[in-house]
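Quick notes on the structure that follows.
The values are calculated or read from the model by the stated rules, or taken from the named source; none is laboratory data. Just so it is clear, the model here is predicted, and its values are computed rather than measured. Here Cβ is always computed from backbone atoms with ideal geometry, including for glycine, and neighbour counts include all displayed protein chains.
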Amino acid sequence: MSDTRNLFNKVWDLHTVSELPNGQTQLFIGLHMIHEVTSPQAFEILRGRNLPVMYPDRTIATVDHIVPTTSQSRPFVDTLAEGMMSAIEKNCDEFGVTLLDIDDERQGIVHVVGPEQGLTQPGMTIVCGDSHTSTHGAFGSIAIGIGTSNVAQVLATQTMYLNRPKVRRVVVNGELKPGVFAKDVILHIIRKLGVQGGVGYAYEYAGEVFDRMTMEERMTVCNMSIEGGARCGYINPDQKTVDYLQGRPFAPKADEFDKAAEWWLSLASTPDSKFDDVVEFAAADIEPTVTWGINPAQSVGISENIPSPEQFDETEQVGIAEALAFMDLTSGTGIKGQKIDVAFIGSCTNGRISDLRQAAEIAKGRHVADNVKAIVVPGSQLVRKQAMEEGLDKIFEEAGFEWREAGCSMCLAMNPDKLQGREICASSSNRNFKGRQGSPTGRTLLMSPAMVTAAAIHGCVTDVREMLEPAGV
Amino acid sequence: MNEIKQISGTAIPLFLDDIDTDRIIPARYLRCVTFDGLGEHAFEDDRKQDPSHPFDQEQFQDSQVLISGRNFGCGSSREHAPQALMRWGIQAVVAESFAEIFFGNCTSLGIPAVTCTRDDLKEMSASVQADPKVAVSVDIETLKVTVGDKQYDCQIAESARNSLTSGRWDFLGLLLEKQDDIKQTAGKIPYLNNFAS
C-alpha cells in the first residue's frame, strides 16, 4: 500500500521517541539553534539540575537580537546587551556549544545563518527559542518556535513534548504579476486566513507559485507562518532545495550528499498524500500588499483603501477601531500616498541577498526623500559581504540609505535602532504590533523590500510597479 | 511539582483580541539574563498610553485570574510574557483562544490557560468590572469557571489539563526518564547516521 502521509507526518513519525498517556509526542530534535535572548535562563535551569547538553553537536548558537548595527566593538555601549553577550559566550563555552559570535564572519540572524551554513536541511526537526523558526520549513523540515522552558528541555534531552498539529495545504496557483513578491504572497494569505487561522495547524505551501520560488523566497513565506497562527509552515523539498544545499559548510559531502538528496526528495508529499484541510488562492489576485493596522492580517492591496470597522464582522470592530486610532489612519483613504518617516530593510523575513538586490534595483540612481531616515541591515555578515562584493552598499549609500552591520535591528528594536515618538516606518520585517519597533507609540507598515525602497524614495507608500518599468515605455 | 486543579481569587478583565506578547512585555525588557523583575513591566507601554488600563487600577491589583479575548499571546515565543504575568500575580488566564507557543509556555510554568465562549467572557468581564471583589475560580478538573454565583463551561487541551492536575508538568524530568528511547530514535534518523540506508 502506498504511503499517503504528507511530508509533515512522515518527518514527525520518524522523530517520535515516545508518547505520553495524555496524547503528546516526545519528539527528537535534529537541530537546535539558540541565541542570546531566550537561552540564558535555560542554561540556568541546566545548572540548577546539574545537567549537561545532551547533543552539543546538534546545537548551534549565534547572537542577533541585541547586537548594535553601527559600531560592534566590545564592550557594547548598552551594558545590559553586553551582559547578555557575556552570558551566551560563557554558556556556550561551558556546555560545549559552537557559538557564531560577533567576531565570526558566519554571525547573523539565526534564521538567515541556518540555511546559509547548510545547517537547515529537509526532513529535520528544528527548534529555536524564536517564533520565526518557521523560516526553516522552506527546506521541507518541521521547524517551530519554542519558549525558554522548552529550550532547556531540548538542551538537556534533545527532545520536547508537542501535540501533533493538523496539516493544512495552502495552494497558490497561477502566475504572480511583476512587482508582486513572496512577501506579498504571505501577507495576502495571512489577510485571508487571519492571524489565528493557523492555530492548531502546520501549513504546507504548495502549487505553482511556491514551486517557482527561489529558496530565499520560500524562506520569506515560511517565516511569516507564525503571523497567521501556524507555528510551522513548510514547502516540499525539490531539486532547488538540493541545489541550494550543495557545497554549504554543514551540508553532507560527496557520496553522502547524493544519498542525502535521494532521501530528502523521497519525503515530499505526493498527490496521494492526505491533508486535514486545503485552501486555494489565485496568484493573479495578489497585489503588492501593505499593512495598515496593528497585526499582520490587517493589510490591503496597494490599490485599495484603508477599511472601516463596519466592513468587518461585529466581533472584530472594536479591534479594527483600536488599530485605526493607533495608526491614525483614515478609513476610506488609499494606503497609497500615506507618508512615512523611516524605512527599514532587513530582518529574518527579508534580510537576505535577493531582498537586498531587489531593493537596490529600485534604489539605483534615485534618492531617499527628504525627512526620511532609511536603513539597510543585512541579515548576516556573509549577506553583507556578498552585497558589498556586488556593490549594493554603494548603490544604497548613494541613494541616501545607511548601510549597517548584520542583526535583527529595527524589526524588534532590542538594539539602539528604534523609532522615535509617533514615527511611521515602512518596514520589510514581520510584525506591526503596537510598539514593536522600539517606540511605544511608533507605527509600522509591513511590505516587501522593493515596496519599502519605493516608499523611502517618494516619502510615502508607493506602488513599486510604477517604478519597475523603464522610463518612456 | 504540585498538582494544579483550581485557581481561586479575583479577576482582572482585559477583554481585547489579539493581545500580542510584545504588548504583554515590550522587547526592551528582554535585555536580561533572568526573569526577575519582569512583573512590574507587564503591559507597560499600553498602561502608559491608557491611564485607565486595568493593570493600573487599584481594585484589580491583587487579581489572580486574567480575562481576555481571542488569540491571546500571539506573536513572539518569549516566555518572558507569561513570566511577566505570573510575576505580576496572574495564576490563570481565561480567554476565547490562545496562540500556541504562549499556551505551551503557560503550561510549562504551571499556569492554566482555559478557553470560554465569547458571550461568556463578555458576561464575566462585565461582572468583574461591576464588582472587582467578586470571587472567581478556574477549575480545570471540573472544567468550570465560577464568577460569583454564576458558573461557565471552559476548555483546556487534555494534555495540559492532565499534566497540571496530576502534578506532572515538570516536563524536563519526564523527558529525562527516556534517555534510552532518545538514543534509540536517534539511531534510526538518516541524517544522524550518515544517510546510511
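Brief remarks on what is shown
- In the set (1) surrounded by 24 or more Cβ atoms within 10 Å (Cβ to Cβ); (2) facing chain B (nearest Cβ under 10 Å); (3) closer than 30 Å to residue B:179 by Cα, the condition left unmet by residue A:200 is number (1).
- Of note, residue B:177 does not satisfy the criterion of being free of Cβ contacts under 8 Å to residues at least 24 places away in the same chain, surrounded by fewer than 16 Cβ atoms within 10 Å (Cβ to Cβ) and at the interface with chain A (Cβ under 8 Å from one of its Cβ atoms).
- Tally of residues being touching a helix residue (DSSP H, G or I) at 6+ places or on another chain (Cβ under 8 Å), on the phi > 0 side of the Ramachandran plot and assigned to a loop (DSSP other than H, G, I, E, B) across the range A:401-427: 1
- Taken together, A:149, A:131 contain a single residue that is at pLDDT 95 or above, facing chain B (nearest Cβ under 8 Å) and under 26 Å from residue A:358 (Cβ atoms), which is A:131.
- Hits in the range B:46-65 - residues which are touching a strand residue (DSSP E or B) at 6+ places or on another chain (Cβ under 6 Å) and under 21 Å from residue A:294 (Cα atoms): B:54
- Selection within the range A:299-338: residues that are part of a loop (DSSP other than H, G, I, E, B) and touching a Phe, Trp or Tyr at 6+ places or on another chain (Cβ under 6 Å). The member of this set that is farthest from residue A:460 (Cα to Cα) is A:306.
- Considering A:415, A:432, the condition of being among the polar types (S, T, N, Q) and closer than 17 Å to residue A:109 by Cα is satisfied by A:415 alone.
- Meets criteria (surrounded by 24 or more Cβ atoms within 10 Å (Cβ to Cβ) and either among the aromatic types (Phe, Trp, Tyr) or assigned to a loop (DSSP other than H, G, I, E, B) (or both)) for residue A:431: yes
- All positions within the range B:116-172 that are part of a loop (DSSP other than H, G, I, E, B), surrounded by fewer than 19 Cβ atoms within 10 Å (Cβ to Cβ) and on the phi < 0 side of the Ramachandran plot: B:117, B:131, B:133, B:134, B:135, B:141, B:142, B:149, B:166, B:168, B:170
- Residues of the range A:370-395 that are crowded, with 19+ Cβ neighbours inside 10 Å and either closer than 26 Å to residue B:27 by Cβ or in contact with a His (Cβ under 8 Å, 6 or more places away or on another chain) (or both): A:372, A:374, A:375, A:376, A:377, A:378, A:379, A:380, A:381, A:382, A:383, A:384.
- Residues of the range A:54-81 that turn out to be under 18 Å from the mean Cα position of the chain (by Cα), within 10 Å of another protein chain (Cβ to nearest Cβ) and not β-branched (Val, Ile, Thr), as a count: 1
- Among the residues making up the range A:75-96, those that are over 25 Å from residue A:384 (Cα atoms) and either among the hydroxyl-bearing types (Ser, Thr, Tyr) or part of a loop (DSSP other than H, G, I, E, B) (or both) are A:79, A:96.
- Check on residue B:17, at negative phi, over 13 Å from the mean Cα position of the chain (by Cα) and at the interface with another protein chain (Cβ under 10 Å from one of its Cβ atoms): yes
- For the range A:9-46, a residue qualifies if it is in contact with a Ser or Thr (Cβ under 8 Å, 6 or more places away or on another chain), in a helix (DSSP H, G or I) and touching a residue at least 60 places away in the same chain (Cβ under 8 Å), and the qualifying residues are A:11, A:12, A:41, A:42, A:45.
- Hey, residue A:87 among the hydrophobic types (A, V, I, L, M, F, W, C), without any contact (Cβ under 8 Å) to a residue 60 or more places away in the chain and facing chain B (nearest Cβ under 7 Å) or not: yes
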